[in-house]
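Below is one structure; the comments refer to it alone.
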Amino acid sequence: MKFEYPINDAQEFSKFLASRRSTRDFIKDKPIPQNILDQLLADAMTAPSWSNTRPFTVAIATGEVKERISAEFLERWDALAQARNSGLKGKIRLLITRKGLPTSNRAMAKPYVNELKPRAQRVGKELYDVLGVTRGSKAERDAQWAKNYEFFGAPVELFIYIHKSLGIWSASDAGLMIENLMLSAHAHGLGACAQGAVGIWDDVVRKEFDVSGDYRLLTGLALGYPTDAAVNSFGAHRISADEITIKRK
Ligand SMILES: Cc1cc2nc3c(=O)[nH]c(=O)nc-3n(C[C@H](O)[C@H](O)[C@H](O)COP(=O)(O)O)c2cc1C
């Protein structure tokens, strides 16, 4: 028997995909019912995977555990931001105290290469415009970035780990799984935001969860119900498929 494709309207599906946006402001006191969270995770597991290995694990932080992680992240971010804004003296203090220094994914802070930089700059500028962040104000930018460490008020933060042995395939599989989860969240009226920002202090998460040493932290993912804040309607520019299509020689 032929396997049936249950969506009849492909155009509606395209519209649904296009309507997903990253959520950066969540309703704080609206938890995700357990059955809904279970469904999102079940949907995540229907993504394709390298030899069906599923080379990822997920730590689900809620309640007090999430609050403890957030408090420690915020302290570290504060120390890091202060050090970065206080010239050489600040950097020396950072190296001595080590408070705020990345403990994982250090490469994340590397500048973008020229080919990709304009795209990152564009989304940064347009997002900050919506948020009302004054151009050139480091303090306002830092305050906005700090919201990453409150998980934008989300009731659930996922920490997604990938198996070290499969290299790029682990990251690719986790990405597929994450997108399934985000789309399922969108279908259930929830919002989500992937958060590379939380990848730099993995030791904080490991203090709370029994994470295997074979795995490394890829990204966080904030999950919950979106508020009506303008930031949640922000439509990031999407480049056309033409721009990523490789030309014939
Ligand atoms: C792996 C990954 C990490 C991300 N990390 C962050 C982050 O730390 N903070 C943030 O606000 N957005 C983060 N984002 C969201 C992107 O900025 C967003 O997906 C992009 O601007 C496109 O916008 P859209 O998701 O609304 O289409 C991340 C996205 C991905 C895929």
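Here are the numbers for this structure:
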{"item": "Criterion: farther than 24 Å from Asp228 by Cα and touching a residue at least 24 places away in the same chain (Cβ under 8 Å) - qualifying residue of Ser86, Ser49", "result": "Ser49"}
{"item": "Test: residue in the stretch 42-63 that is over 28 Å from Tyr149 (Cβ atoms), more than 16 Å from the ligand (Cβ to nearest atom), within 20 Å of the chain's Cα centre (by Cα) and in a helix (DSSP H, G or I)", "result": "yes"}
{"item": "Residues satisfying the stated conditions in the stretch 64-93, i.e. under 17 Å from Arg141 (Cα atoms) and polar (S, T, N, Q)", "result": "Gln82, Asn85, Ser86"}
{"item": "Cβ pairs under 8 Å, 6+ apart, first in the stretch 186-205 and under 17 Å from Leu217 (Cβ atoms), second in a helix (DSSP H, G or I) and at pLDDT below 95", "result": "Gly196/Met108; Gly199/Met108; Ile200/Arg106; Ile200/Met108; Ile200/Ala109"}
{"item": "One residue from Phe159, Phe152 being crowded, with 22+ Cβ neighbours inside 10 Å, part of a helix (DSSP H, G or I) and of a type outside the set (S, T, N, Q)", "result": "Phe152"}
{"item": "Members of the stretch 97-130 that are assigned to a loop (DSSP other than H, G, I, E, B) and under 27 Å from Ser70 (Cβ atoms)", "result": "Arg98, Lys99, Gly100, Leu101, Pro102, Thr103, Ser104, Asn105, Lys110"}
{"item": "Among the candidates Thr227, Thr219, residue that is under 21 Å from the mean Cα position of the chain (by Cα), buried (at least 19 other Cβ atoms within 10 Å of the Cβ) and either closer than 30 Å to Ala18 by Cα or not acidic (Asp, Glu) (or both)", "result": "Thr219"}
{"item": "Verdict on Leu183 being touching a strand residue (DSSP E or B) at 6+ places or on another chain (Cβ under 8 Å) and either surrounded by fewer than 13 Cβ atoms within 10 Å (Cβ to Cβ) or in contact (Cβ under 8 Å) with a residue 60 or more places away in the chain (or both)", "result": "no"}
{"item": "Selected residue (criterion: nearest to Phe73 (Cα to Cα)) from residues of the stretch 183-202 that are of a type outside the set (A, V, I, L, M, F, W, C) and within 9 Å of the ligand (Cβ to nearest atom)", "result": "Gly199"}
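The values are calculated or read from the model by the stated rules, or taken from the named source; none is laboratory data. Computed from a prediction, not measured in an experiment: that's the story for all the values here. Glycine gets a Cβ as well: all are built from the backbone with ideal geometry, and neighbour counts include every protein chain shown.
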